[in-house]
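Have a look at the structure below before the remarks.
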Amino acid sequence: AKMYDACEALRDSLISLGAGIDGGKDSLSMAAQCGDELVKAPGELTLTCYVTCPDVTKTITPDLKCPGGSTTKLLYIDIGNGKARLGGSSVAQVYKQLGNESP
C-alpha cells in the first residue's frame, strides 16, 4: 500500500510539474544471498526523470562557484561520527568485508 501511495503521489507531482519519467523500478522483492543468509532490502522506488531544456546554455552544473568573487564556505557534516563503515554496502560485499553496522 505504501508503494502504491508513493507512486500515486509521484504521478500527481509530475503531472503538476509537466515532467515525465522514462524508466523506473519498484524494488519490493530485492534480496541478496550473503553466505547462508538471505538479506532482503526494504521497499524502494527508483526512477529517472527528464524535462525539456529549450536553452542548454542556461543549465547549471554541480561544481562549486563563487559569483562576483564572493567568498563561500563548504561545510562537511560528519553524520557517521568519524566512523567510515560499509556494513551492508555493495562495496563491502564485493571485498568480503560485511559488517554489522551501516554507515
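For the criterion of being assigned to a loop (DSSP other than H, G, I, E, B), modelled with pLDDT under 70 and either among the aromatic types (F, W, Y) or open to solvent by 80 Å² or more (accessible area, probe 1.4 Å) (or both), L98 passes.
Within the stretch 60-79, the residues that satisfy the criterion of being open to solvent by less than 100 Å² (accessible area, probe 1.4 Å), in a loop (DSSP other than H, G, I, E, B) and of a type outside the set (A, V, I, L, M, F, W, C) are T61, D63, S70, T72, D78. Scanning the stretch 80-95 for residues that are at pLDDT below 75, of a type in the set (A, V, I, L, M, F, W, C) and farther than 14 Å from V39 by Cβ turns up A84, L86, V91. Step by step: first the residues of the stretch 36-59, then only those that are at pLDDT 75 or above and assigned to a strand (DSSP E or B), then the one that is least open to solvent (accessible area, probe 1.4 Å). Which residue is that? The residue in question is V39.
Yes or no: the stretch 22-35 includes at least one residue that is modelled with pLDDT of 80 or more and among the hydrophobic types (A, V, I, L, M, F, W, C). Within the stretch 22-35, none of the residues are modelled with pLDDT of 80 or more and among the hydrophobic types (A, V, I, L, M, F, W, C).
Within the stretch 61-73, residues that are free of Cβ contacts under 8 Å to residues at least 40 places away in the same chain reach partners that are assigned to a loop (DSSP other than H, G, I, E, B) and open to solvent by 80 Å² or more (accessible area, probe 1.4 Å) with beta carbons closer than 6 Å, at six or more positions or on different chains, in the pairs C66/T72.
The values are calculated or read from the model by the stated rules, or taken from the named source; none is laboratory data. Computed from a predicted structure; not experimentally measured. All Cβ positions, glycine included, derive from the backbone under ideal geometry; neighbour counts span all protein chains shown. The accessibility values were calculated without ligands, DNA or RNA, using every heavy atom of the protein model including side chains. Shrake-Rupley method; radii C 1.70, N 1.55, O 1.52, S 1.80 Å.
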